[in-house]
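Structure first, then comments.
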Amino acid sequence: MQNTIVAPATPPAISAIAIVRMSGPESLWIINSLLKKPPYWEPQRLYYKKLFFEEELIDDVVLSYWKSPKSYTGEDMVEISCHGNPFIVEKILEACQKRGARLAAPGEFTKRAFLNGKIDLTQAESVIDIIHAGGSLALKSAQALQSGGLSRVLLAIREELIDIVSELEAYIDFPEEDIQPRVGEQIIAKLSEIEKKLQNLLSSASLSRVLKEGFTIVLAGSPNVGKSSLFNALLKENRAIVSPHPGTTRDTIEAECRISSFLVKIVDTAGQRQSVDEIEAEGIRRAKEAVKKGDLIIHLVSAPDPPSSDPFVLDELLPEQRVILVASKADLGIHPLNQERLAVSVVTGRGMEELEEKIKDILTGFFPRDFSYGINSRQAVAIEKVLTAIKRGIMGIREKRLPELISSELRYGLEAIGEVVGFTSSEDILDKIFQKFCIGK
Ligand SMILES: Nc1nc2c(ncn2[C@@H]2O[C@H](COP(=O)(O)OP(=O)(O)OP(=O)(O)O)[C@@H](O)[C@H]2O)c(=O)[nH]1
Ligand SMILES: [Mg+2]
């Protein structure tokens, strides 16, 4: 752990500037060994220097020094900005390694920051979310976690739990005494408050999934109603084959794009009809699957035609699923029975803005007004454990169990909170978290 690590912090591509980072006690010594005349280092200042390895010029670079503990990792760090040429980056990495640094593992800088107490585990996890955020709400959520939003809530709960546990454990010295009913009621009230807060946190887990993976929007309807045409129009790219033959789309086709500030995955499906063709039948089965998994369904009919009964899609929607009813090909006229639907034409562009606006409104509606961040699945599993402990605690008091039994339930809850913020974390959990990172972060 004490050794010095080095890694590129920028991707291996030709660019204006590339950055190499080094962290560990030998950082300054190593960089000095690559300079003709090392400067008098002051932390967080920039130095313009020529970098050499054994008399050979590597590159003109800008260097900065971050002195322990005031650095990202908490250790001595040096950052080297060089010309954005992967070959130069390679040379710098090689030189640092020959002087004793070792190539960092993915996420090792952030892991060191965690191990050195610079950040807790939820903050470390948020770093990867910040890097991968695909929309402004996802970024906002990651930033709230980064600033310790989740830890603050959990640590406050932890304090309250510790108080309750010590109150309960005071009874252990007086085995003949029961918990007074009034005290029991007070503890139940406090635990119920905590229960509510935990439930709130847990309900944000599914939102966090859609923020990261994107909302799934599925286009569904009978053959030839213009699903693939709308798919292409939403993507602003000619992805799916469009043809006047009903049954053109066989397989489901997915593509990612952004609508407003949301990352979305749009799925084009095979038109729903009774089919004799084996391949088309499979496509229709897949379309139904896709509809079941969609966060939002756009159901299309052809505007000029009388609506045919379309038993496959609308009847199978889940109650929590949201639907936008669209009448496509509106440039060809609108049948009176389709008047209620949103009229759209990919030929004239009619209704496209309204459709995107509607999608945006529905996606925004998935989030509570005061939405701040979404927890990830690891955090959700541990918070679930805290919730179970709290529920058992409440039950224990109601059923007048021994105070030490109740307090030991609550102690499980404390442990699980420790798991989330990283007070107790096994090496495999850390490995699992940090291996998702990129090298150099
Ligand atoms: N005039 C007009 N024609 C359209 C419009 N949208 C689609 N079409 C035409 O309708 C036909 C069918 O369009 P597709 O997008 O392939 O329909 P689909 O629903 O994907 O059809 P399947 O894949 O067979 O289920 C094509 O000839 C399109 O050019 C529109 O807005 N206006
Ligand atoms: Mg199609």
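The values are calculated or read from the model by the stated rules, or taken from the named source; none is laboratory data. As the structure is a computational prediction, the values presented were derived from the model and not from experiment. For neighbour counting, all protein chains shown are included, and Cβ atoms are generated from backbone atoms with ideal geometry for every residue, glycine included. Remember, those area values only see protein heavy atoms, side chains included, never the ligands or the DNA or RNA. Shrake-Rupley method; radii C 1.70, N 1.55, O 1.52, S 1.80 Å.
Couple of notes before you dig in:
- Here's the list of lysines a cross-link from K360 could span, going by alpha-carbon distance under 20 Å and ignoring same-chain residues fewer than 8 apart: K140, K212, K227, K236, K265, K293.
- Across every pair of non-identical alpha carbons in the chain, the mean reciprocal distance, once inverted, gives a Kirkwood radius of 26.3 Å.
- Listed residues D163, D129, D173, most fluctuating in the chain (Gaussian network, C-alpha, under 10 Å): D173
- Taking all Cα pairs closer than 8 Å and separated by 6 or more residues, the relative contact order of the chain comes to 17 percent.
- Cα centre as origin, Lys/Arg/Asp/Glu Cβ charges: the stretch 5-108 dipole, Debye: 240 debye
- Listed residues S166, S192, S206, most fluctuating in the chain (Gaussian network, C-alpha, under 10 Å): S166
- For the stretch 364-429, alpha-carbon Rg over 2.2 N^0.38 Å: 1.41
- Here the stretch 90-115 and the stretch 14-44 have alpha carbon centers that stand 12 Å from each other.
- Classification of the stretch 5-108 by its C-alpha gyration tensor yields a rounded form. The axis ratio a/c (a ≥ b ≥ c) stays under 1.5.
- Accessible area of M395 in the full protein assembly, 1.4 Å probe (Å², nearest 10): 90 Å²
- The stretch 272-331 and the stretch 401-423: distance between their alpha carbon centers, rounded to Å: 49 Å
- Whole-Hz Karplus values for the stretch 112-124 come out as 5, 4, 5, 5, 8, x, 6, 9, 8, 5, 5, 5, 4 Hz, taken residue by residue from phi with 6.51 cos²θ - 1.76 cosθ + 1.60 and θ = phi - 60°; glycine and proline positions read x.
- Other residues within the sphere of radius under 10 Å centred on the Cβ of S151, judged by their own Cβ, net out at +1 (K and R +1, D and E -1).
- Accessible surface area normalised per residue over the stretch 211-365 is 50 Å², counting heavy atoms of protein chains with a 1.4 Å rolling probe.
- Among I266, I187, I383, residue whose mean-square fluctuation peaks in a GNM of the chain (springs only between Cα atoms under 10 Å): I187
- Mean separation of Cα contacts under 8 Å (6+ apart) over length of the stretch 211-365, as relative contact order %: 24 percent
- Relative to the Cα centre, the charge distribution of the chain, modelled as +1 at Lys and Arg Cβ and -1 at Asp and Glu Cβ, gives a dipole magnitude of about 1000 debye.
- Most positive-pole-ward Cα, V301, G214, A240, against dipole of the stretch 211-365 from beta carbon charges: G214
- Dipole of the chain [Lys/Arg +1, Asp/Glu -1 at C-beta], most positive-end residue of Q97, I179, V344: Q97
- Every helix of 4 or more DSSP H residues in the chain counts as -39500 (n - 2.57), and over all residues that averages to -14000 deg cm²/dmol at 222 nm.
- In Å², nearest 10: area of L46 left accessible to a 1.4 Å probe: 120 Å²
- Cα-based shape type of the stretch 309-413, given that a ≥ b ≥ c are square roots of the gyration tensor eigenvalues and the cut on a/c is 1.5: prolate
- Within a straight-line Cα-Cα reach of under 24 Å, K36 can be paired with the following lysines, leaving aside sequence neighbours fewer than 8 residues apart in one chain: K49, K50, K67, K91, K98.
- Solvent-accessible area assigned to carbon and sulfur over the stretch 211-365 amounts to 51 percent, based on a 1.4 Å probe.
- Across the stretch 211-365 the C-alpha pair distances fall into 10 Å bins from zero in the proportions 12, 44, 37, 7, 0 percent.
- Heavy atoms of R286 accessible to a 1.4 Å probe, total area in Å² rounded to 10: 100 Å²
- Quarter of Cα convex hull surface for the stretch 95-203, i.e. mean projection, nm²: 11.4 nm²
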